[in-house]
1. State the number of residues belonging to the stretch 272-307 that are more than 19 Å from Ala233 (Cβ to Cβ) and in contact with a Phe, Trp or Tyr (Cβ under 9 Å, 6 or more places away or on another chain).
2. Please count how many residues of the stretch 79-96 are free of Cβ contacts under 8 Å to residues at least 40 places away in the same chain and within 21 Å of Gly165 (Cα to Cα).
3. Can you find even one residue in the stretch 184-204 that is assigned to a strand (DSSP E or B) and of a type in the set (Val, Ile, Thr)?
4. Does Leu129 satisfy the criteria of being out of contact with any helix residue (DSSP H, G or I) (no Cβ under 6 Å at 6 or more places or on another chain), among the hydrophobic types (A, V, I, L, M, F, W, C) and open to solvent by 30 Å² or more (accessible area, probe 1.4 Å)?
5. Any residue at all in the stretch 168-180 that's at pLDDT 95 or above, closer than 18 Å to Asp77 by Cα, open to solvent by 40 Å² or more (accessible area, probe 1.4 Å) and within 12 Å of the ligand (Cβ to nearest atom)?
6. Can you pull out every residue in the stretch 204-220 that is within 16 Å of the ligand (Cβ to nearest atom) and at negative phi?
7. Go through the stretch 149-159 and report how many residues are more than 8 Å from the ligand (Cβ to nearest atom) and open to solvent by less than 70 Å² (accessible area, probe 1.4 Å).
8. Pairs only if they're at least six apart or on different chains, beta carbon under 8 angstrom, first in the stretch 190-212 and within 20 Å of Tyr137 (Cβ to Cβ), second open to solvent by less than 80 Å² (accessible area, probe 1.4 Å) and of a type in the set (Phe, Trp, Tyr); list them, first residue then second.
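The values are calculated or read from the model by the stated rules, or taken from the named source; none is laboratory data. Treat the numbers as computed from the prediction; the structure is a model and nothing was measured. Backbone-built Cβ (ideal geometry, glycine too); neighbour counts: all protein chains shown. We work out accessible area using only protein heavy atoms, side chains counted, and drop any ligands, DNA or RNA first. Shrake-Rupley method; radii C 1.70, N 1.55, O 1.52, S 1.80 Å.
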Amino acid sequence: MQVRRRFWDSVLEGPVAQEVLEGNDAKAEVLLAQALVEHENAPRAALYLIGAGPGHPDLLTVRAVQLLAQADVVLYDHLIPPDTLARYARKEALKLPVGKRAADHSRTQNEITDLIEQHLRANKIVARLKGGDPGIYAHAAEELKIAQQLDVPCQIVPGITAALGCAAMAGIPLTERNVASGVRFLTLYDATLHDENFWKSIALGTSDTLVLYMSTNRRAWLFEKLLSLGLRADLPVLLVEQGTTPLHTEYEATLGSFDTLYNGHIFITPALLIIGDVVRWRSRNGWKEPAAARRDWFQKEAHHARQ
Ligand code: SAH
């Protein structure tokens with residue numbers, strides 16, 4: 001939008017306007033046609049890695065909204081709320097879902113980077129819209145590399161990562177004086193499972209709140225490991241499912257009781273785990289979406305899935 005506005009400003013204040021004022025319409029038309037060709041050929045390619053926030057369509061930054069409105073091409077993850085594209089992307093923008101789900105890999109990371117490259121080479125402004133923050137478990141480095149290789153301007157636009165969105169909606173501060181001096185965002189990569197130094201650092205850092213991404217299906221193993229490292233059995237655990245969406249659901253227990261309490265329960269993704277004493281602050285009367293929003297969300301999700 002800004003690019004178009006700048007173009008029209010230059011037309012209205014430049015030689016084209018001058019010729020019109022002097023009554024030389026034919027000359028003004030030729031100059032306008034020239035300006036349009038130059039404008040089309042001007043380098044405009046740019047890559048924006050934009051954080052869309054954790055689920056609620058209000059939870060993205062003003063800058064994310066501004067840059068999304070400029071994009072010619074929007075490549076979006078499956079965790080993007082259906083409303084976000086409809087509200088903030090240009091109608092004429094090419095919108096391509098490139099989500100990767102564990103079960104259905106719609107596109108590999110290589111295919112995504114190829115798509116980005118193809119559109120940057122075609123002189124397009126590409127918005128890579130990612131759930132949460134684009135720098136947290138989101139392959140940002142691989143995608144930034146393409147822009148660097150093509151020498152195209154590139155920006156990371158931060159977003160509210162799932163840990164922050166889920167904690168806020170549950171009413172939990174992730175750090176709190178005398179309770180949690182820090183917070184660690186973690187995941188259980190295969191290599192991490194057998195890395196004893198990693199686990200030692202967890203055992204030593206017991207004053208940190210732990211937030212685990214992409215780890216809910218390994219929770220039984222995780223809880224046992226944490227107990228074996230000496231973490232307390234009564235340490236509170238909160239699992240947040242579909243955080244900040246109208247389907248936001250919280251399950252609270254402790255390291256020792258979680259599996260017995262929710263034995264056999266199948267949790268819906270995306271979900272994350274918050275482990276630490278700060279969970280005690282959880283508010284049951286916090287920010288909740290009204291029932292109408294839930295109905296609406298189901299319809300939009302179904303529509304989104306068909307796109
Ligand atoms: N870049 C994202 C994380 C991508 S990894 C971010 O900053 O949030 C995907 C994992 O994020 C999921 O497996 C889940 O653990 C977590 N996640 C993403 N959105 C979530 C949500 N709305 N509620 C709970 N967990 C979520």
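1. 2
2. Count: 2.
3. Going through the stretch 184-204, the residues assigned to a strand (DSSP E or B) turn out to be 184-187.
Keeping just the survivors that are of a type in the set (Val, Ile, Thr) gives 187.
Yes, the stretch 184-204 contains a residue that is assigned to a strand (DSSP E or B) and of a type in the set (Val, Ile, Thr).
4. Details: out of contact with any helix residue (DSSP H, G or I) (no Cβ under 6 Å at 6 or more places or on another chain): yes; among the hydrophobic types (A, V, I, L, M, F, W, C): yes; open to solvent by 30 Å² or more (accessible area, probe 1.4 Å): no.
No; evaluated as a whole, the condition is false for this residue.
5. no
6. At the first step, the residues of the stretch 204-220 found to be within 16 Å of the ligand (Cβ to nearest atom) are 209-219.
If the condition is that a residue be within 16 Å of the ligand (Cβ to nearest atom) and at negative phi, then Thr209, Leu210, Val211, Leu212, Tyr213, Ser215, Thr216, Asn217, Arg218, Arg219 are the ones that fit.
7. So in the stretch 149-159, the residues more than 8 Å from the ligand (Cβ to nearest atom) come out as 149-158.
If we keep only those that are open to solvent by less than 70 Å² (accessible area, probe 1.4 Å) too, we end up with 150, 152, 154-155, 157.
Residues flagged as more than 8 Å from the ligand (Cβ to nearest atom) and open to solvent by less than 70 Å² (accessible area, probe 1.4 Å) within the stretch 149-159 amount to 5.
8. Note: pairs meeting the criteria are Thr192/Phe198; Val211/Phe185.
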